[in-house]
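What follows is a single structure, written as structure tokens, with notes after it.
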Amino acid sequence: MSDDVRGFPAFGAGGHLARTWWGRAWVRAMEDTALDLRQLKAGRKYAAAGLVGSITVSPGRIAAVVDDVDGGPFRTELRLAVLSEADWTRFLDRVASRAGHLAALLDRDMPRDLVTAADDAGVHLLPGIGDLDPGCDCPGWELPCRHAAALSFQASWLLDADPFVLLLMRGKGEREIREELESRTAPRAELEVGDRTPGVLPDLAEFTPSGAPSIPAAPGVPAEAFALLAANAAAQARAVLAGEPWPGRRVDTVRLAAEFPSVASRLGEGPEFERAVAAWTHGGRAGLEVLDSAWTPPKAALAAARAALANEAPVFERNRCTAGDVQLRLDRAGRWHPYRREGDEWWPSGPPEADPGLLIG
């Protein structure tokens, strides 16, 4: 299943200011474009009050239905130009050329120097003044109206949690980006140990065809191992600084196998391991959690799912919903993960969606 479209459940009431520097840059681009500051103030209140419905993100567009104390709901969207393939090539080459940038992005961080390097290469990831194009079917003429402003504020919260949301708006989904980064960090040349003088390490000044420096394979050590070790070390360091527990050995092994498919066979084997890797590939840690365990969700979440699947005669068991040869599993963030039956087992079959109706059929 494609990850070109991602759905996010409504935030509900209780908003906050953007926490990351790139989330704040998004808000600033919207504020600098606004002609009426009163619309921005109202939009911030609407976002905090939970008047924005579920949000859909796709290349060049983020959309939601926004309610209003004086009417509505209204269909609202923000458009942002997608990057050209040439721009994507330059950006991904920059990311892959530095292990720190690669590790940070895979850990859902957006270092300032990465964005600066992309800007220097003529690739502008974050929107500037006038780059965000709001639209709404409300009767107001000001743009952004309070509905588009509310959507923009909540979009900054999505960006706080996952910069891949911004990259999807710029044209590529997370899976495609990971695949392209993996192809760039694979060994540039198949060098055998016998091809080098014994005891002499490779010259670190070697360059890739694009002109970006890279670390070539050392004798007996594949080049992708450097990227894997760098990503793993950076992720552990961030977890320590944030006071977050580092996952146990099994979870971390599954994560590495999913993020670096070229070394997956060295980390584990067998159907259970493959199912776990598939779960992480499609849904991250939440995907692995719904594979491993069941939980009892709120009644409102199950009622909404029953309404969305009314024509499918679904059978619910805790957070699992079975409709024919499809099973959906709800994670604690409100997303449904699709499964397909293969033999006697249910296998993860695609990325999660907030709307379970999108996963049936």
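Some observations on this one:
- Share of carbon and sulfur in the accessible heavy-atom surface of segment 14-73 [1.4 Å probe, %]: 53 percent
- Accessible surface, segment 67-142, averaged per residue in Å² (probe 1.4 Å): 49 Å²
- Estimated FRET transfer efficiency (Glu274, Ala333; beta-carbon r; R0 22 Å; 0.05): 0.35
- For Leu83, the shell of other residues with beta-carbons less than 10 Å away shows a net charge of +1, using +1 for Lys and Arg and -1 for Asp and Glu.
- Inter-label distance for Glu345 and Thr89, nm, one decimal - labels placed 7 Å from Cα along Cα-to-Cβ: 4.1 nm
- In terms of packing, defined here as the mean over residues of other Cβ atoms within 10 angstrom, the peptides 326-335, 147-156 line up highest first as 147-156, 326-335.
- Taking each residue as 0.36 nm, the span from Asp252 to Glu142 lengthens on full extension beyond its C-alpha to C-alpha distance by 34.7 nm.
- Three-way shape call for segment 299-354 based on the alpha-carbon gyration tensor, with the a/c threshold at 1.5: oblate
- Probe 1.4 Å, protein heavy atoms only - accessible area per residue of segment 239-361 in square angstrom: 53 Å²
- Part-to-part distance (alpha-carbon centres) for segment 319-343 and segment 40-100, which is given in Å: 27 Å
- Surface composition of segment 280-361: carbon and sulfur atoms hold 49% of the protein heavy-atom accessible area at a 1.4 Å probe.
- Sequence of Ile177, Ile360, Ile129 from largest to smallest accessible area, 1.4 Å probe: Ile129, Ile360, Ile177
- Summing +1 for each Lys or Arg and -1 for each Asp or Glu among the other residues whose beta-carbon sits under 11 angstrom from that of Cys145 gives -2.
The values are calculated or read from the model by the stated rules, or taken from the named source; none is laboratory data. Here the structure is a predicted model, which is why all the values come from computation and not from measurement. So basically every Cβ, Gly included, is an ideal-geometry build from the backbone, and we count neighbours across all protein chains shown. Accessible surface is based on the protein model in full, side chains and every heavy atom, while ligands, DNA and RNA are left aside. Shrake-Rupley method; radii C 1.70, N 1.55, O 1.52, S 1.80 Å.
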